[in-house]
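Accompanying notes for the structure given below.
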Amino acid sequence: MKRYAMSLCAALLVGVCVLGAYAEKADQAKKAEPAKKVMPAKKAKVFAPYHKLDLTDDQRAKVAAIQKEIRAEIKKLKQQEAERVEAVLSDEQKAEIAKQREADAKKKAEYARKYREKKQGKSDSKKK
């Protein structure tokens, strides 16, 4: 548990460092190049807490790109953690983890199915 917490802290620290470096590069690039008018096809997806801010389209695109990059790095770190932890587990423990992951996947699929049905029900009632 202690190693998991330390791994999570390390992942967050890496994310913060990368975010800071990316922001600094973006500021330098902005100063070096004249402002270009960017017309995005659709608004970029921005996650909390930044989605509540009144961002320009340019800011929204940059924040979304940063978040996408960081989330990809976190996903890689989680995969590395799982691989390293499983390397020290016994075969029985690995089997137990596999069962837990399967059960979690079933729960997630069931939740998604119920969510789609609920959403479908709302859209059907709007059509009437």
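Read the figures in this text as sums done on the coordinates, not as results from a lab. Fair warning: this is a prediction, and the values are worked out from it, not measured in the lab. Cβ coordinates were reconstructed from backbone atoms using ideal geometry, including for glycine residues, and neighbour counts include every protein chain displayed.
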Net charge contributed by nearby residues that have their C-beta within less than 14 Å of Ile74 (K/R +1, D/E -1): +2
17 Å Cα-Cα reach of Lys108 towards aspartates and glutamates, excluding residues that sit fewer than 8 places from it in its own chain: Glu117
Estimated FRET transfer efficiency (Val85, Lys43; beta-carbon r; R0 35 Å; 0.05): 0.35
Ascending count of other beta-carbon atoms within 10 Å, so fewest first, for Ile66, Ile74: Ile74, Ile66
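Pull out a ≥ b ≥ c, the square roots of the eigenvalues of the alpha-carbon gyration tensor of the stretch 44-121, then state rounded if a/c is under 1.5, prolate if not and a/b is larger than b/c, and oblate in the remaining case.
Since a/c reaches 1.5 but b/c is at least a/b, the shape of the stretch 44-121 is classed as oblate.
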Label-point separation, Gln120 to Gln59 (7 Å along Cα→Cβ), nm: 4.0
